[in-house]
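Remarks on the structure that follows.
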């Protein structure tokens, strides 16, 4: 890929089980606190841990958007209300015009839980789904992108990116192409994925979820903990608004494994290719990266292949960690959530240590940190990989 | 702001549309349109073990992608791709939701890993050995233009040849009553930043607010509105006629896409 023109990460917000809004998330990271709890979600009976966001069910949507009502869009609404984000979007609309702002949202399952619930309430005779069940505005992958664009009254191009657990990292790539091509000047990007039975029972059936809180890079790691999150950012063409404290998106790198639907390439070749592409796009060398926020799911195979890929490019000294021990694996929201965590690392000069991990697997050569490190952080690389062998690496940094 | 590019190979498969030459004969008026159920090819490009696991979404998307790449003599291993679909695999979704409604809640691991929206892109990459990037999009009824915009920005910005595949399959009952897509339809095209020996036409894509063009044939117009990927039919008609012109395609409630077509002769 050719070098890209950096974009301004003008605003950002996130909501996950470790905090509703960026201030509590930062506080949790500083305290090395995990939000994972034993699974008691809905009627689920699986011995596992989850990262549930408090207050999602109580969140209401505006009256005119009631057709979109589902857990996933309630989570999106809850997150949009934090950190003055909706006002920031309005201010951006005043600067660029509503037609020149795109909306690109990543999700893997959107509001599929509405359909799960509807299947429990089928007509006993006809088998029909309940009359009040809405497919398009809840279950369909586009529903959350459509909700966000209507909620924010944005009129530029809109779409959902749905490539499993890389979805909301890849939205930054879509936004970058649209802005660089001149179709828009700014984009509301992000990701939203909420707890549902499909993913809890699905990952369980693949024996990929751990009974314990997930322990990325631990010698005894045995799977993921599923979490939920919504994270949003406003990306803009760079302008006079870029100042000393600004955070920029410097690089996006994408690739495919061409290997297997649900297992990563054993040597991490696809992951390596995505990280290298991000470095090339950012015109940076591996030594320029101060911290890597890993995909780090806590499955034996992911962490092994990712560690190999990281070491092959960065060697064994670049500090890296996974924040999934704190947040759980938030699937289609992970890319955007970890983009926000990367921005917090840069803004606060803090590399978050990986929580839940007690004994780092000695066979993993990447430099995994368990304790927070306070030091200037100028450039962060964040990895997101997904089923289907889809990979995306993002590079954020301070201006200059 | 317009996005320019060239359409190379095309693949089409849908109800009464067997492949691009067959669809082109119908769209250009040389043959009448007769609706009939879509027959999907076996994805022989996949290893037998993988082939058995694939559902209709994968068969459809790989089928049209293969027709487009073969007719453009393009190397799929080197091409980034954009896959856009209005929904995932409805049959798999039905089976998972049905299993979750029972007290046993036994979800098949294979069905779960094939339930991701990017299942076709994943299998395409496995089948072709392509490690290039692949974007996988959904915009409900607006999915064709969403994918076209992403693919056009990719060729404009990164100056690369891109495979663009738009495809939809039906949902079985009882979901069918809530999302009445009648059958499977896919359209694939190779888009290049420069004219090549296999270029069919130059296209210039822009956002507009005009109403979308309709098909004059009632059968084709019914198809256009019934399956999201078929919203491309007015564009496919111009490409089939090898005629210059401008068409407007459905996108969001606030915008549509205007495509200026100039045949390569």
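The values are calculated or read from the model by the stated rules, or taken from the named source; none is laboratory data. Small disclaimer: the values here were computed from a predicted structure and weren't measured. With ideal geometry, Cβ positions are generated from the backbone for all residues, glycine too; neighbour counts draw on all protein chains shown.
Of the residues in region B:129-139, at least one is under 20 Å from residue A:115 (Cα atoms), within 7 Å of chain A (Cβ to nearest Cβ), in contact (Cβ under 8 Å) with a residue 60 or more places away in the chain and surrounded by 24 or more Cβ atoms within 10 Å (Cβ to Cβ).
For region B:197-211, a residue qualifies if it is surrounded by fewer than 18 Cβ atoms within 10 Å (Cβ to Cβ), in a loop (DSSP other than H, G, I, E, B) and in contact with a strand residue (DSSP E or B) (Cβ under 6 Å, 6 or more places away or on another chain), and the qualifying residues are B:198, B:210. When the helices (runs of 4 or more DSSP H) confined to region B:19-113 are screened for residues that are in contact with a strand residue (DSSP E or B) (Cβ under 6 Å, 6 or more places away or on another chain), those reaching at least 3 such residues are found at B:56-71. Does region A:275-286 contain at least one residue that is under 20 Å from residue A:107 (Cα atoms) and either in contact (Cβ under 8 Å) with a residue 12 or more places away in the chain or assigned to a loop (DSSP other than H, G, I, E, B) (or both)? Looking for residues that are under 20 Å from residue A:107 (Cα atoms) and either in contact (Cβ under 8 Å) with a residue 12 or more places away in the chain or assigned to a loop (DSSP other than H, G, I, E, B) (or both), one finds none in region A:275-286, hence no.
Looking across region A:77-129, the residues that are without any contact (Cβ under 8 Å) to a residue 40 or more places away in the chain and within 10 Å of chain B (Cβ to nearest Cβ) come down to A:115, A:117, A:118, A:119, A:120, A:121, A:122, A:123, A:126, A:127, A:128, A:129.
Each residue in region B:89-106 was checked for being without any contact (Cβ under 8 Å) to a residue 60 or more places away in the chain and more than 7 Å from every other protein chain (Cβ to nearest Cβ), and 7 of them qualify.
Hey, does region A:383-397 have a residue that's more than 26 Å from residue B:117 (Cα to Cα), in contact with a strand residue (DSSP E or B) (Cβ under 7 Å, 6 or more places away or on another chain) and modelled with pLDDT of 95 or more? Yes, region A:383-397 contains at least one residue that is more than 26 Å from residue B:117 (Cα to Cα), in contact with a strand residue (DSSP E or B) (Cβ under 7 Å, 6 or more places away or on another chain) and modelled with pLDDT of 95 or more. The lone criterion from (1) free of Cβ contacts under 8 Å to residues at least 40 places away in the same chain; (2) not in a helix (DSSP H, G or I) left unmet by residue A:262 is number (1).
Filtered by the rule that a residue be touching a helix residue (DSSP H, G or I) at 6+ places or on another chain (Cβ under 6 Å) and either without any contact (Cβ under 8 Å) to a residue 24 or more places away in the chain or away from chain B (no Cβ under 11 Å) (or both), region A:189-213 gives A:189, A:190, A:191, A:192, A:193, A:194, A:202, A:205, A:209. Say whether the condition of being at the interface with chain A (Cβ under 8 Å from one of its Cβ atoms) and either under 17 Å from the mean Cα position of the chain (by Cα) or farther than 25 Å from residue A:100 by Cα (or both) is met by at least one residue in region B:178-201. Yes.
Residue-level check: of (1) part of a loop (DSSP other than H, G, I, E, B); (2) within 9 Å of chain A (Cβ to nearest Cβ); (3) out of contact with any strand residue (DSSP E or B) (no Cβ under 7 Å at 6 or more places or on another chain), residue B:117 misses just (3). Examine region B:169-178 for a residue that is touching a helix residue (DSSP H, G or I) at 6+ places or on another chain (Cβ under 7 Å) and either part of a helix (DSSP H, G or I) or at positive phi (or both), and state whether such a residue exists. Within region B:169-178, one or more residues are touching a helix residue (DSSP H, G or I) at 6+ places or on another chain (Cβ under 7 Å) and either part of a helix (DSSP H, G or I) or at positive phi (or both). Consider region A:227-257 and keep the residues that are modelled with pLDDT of 95 or more and in a loop (DSSP other than H, G, I, E, B). The one that is farthest from the other protein chains (Cβ to nearest Cβ) is A:246. Of the residues B:80, B:109, B:41, the single one that is more than 9 Å from chain A (Cβ to nearest Cβ), surrounded by fewer than 23 Cβ atoms within 10 Å (Cβ to Cβ) and more than 16 Å from residue A:116 (Cα to Cα) is B:41.
Only residues that are away from chain B (no Cβ under 14 Å), over 24 Å from residue A:11 (Cα atoms) and in a loop (DSSP other than H, G, I, E, B) were counted across region A:344-400, and they come to 17. For region B:236-261, the set of residues classified as more than 14 Å from every other protein chain (Cβ to nearest Cβ), in a strand (DSSP E or B) and either farther than 22 Å from residue B:28 by Cα or free of Cβ contacts under 8 Å to residues at least 24 places away in the same chain (or both) consists of B:245, B:246, listed by residue number.
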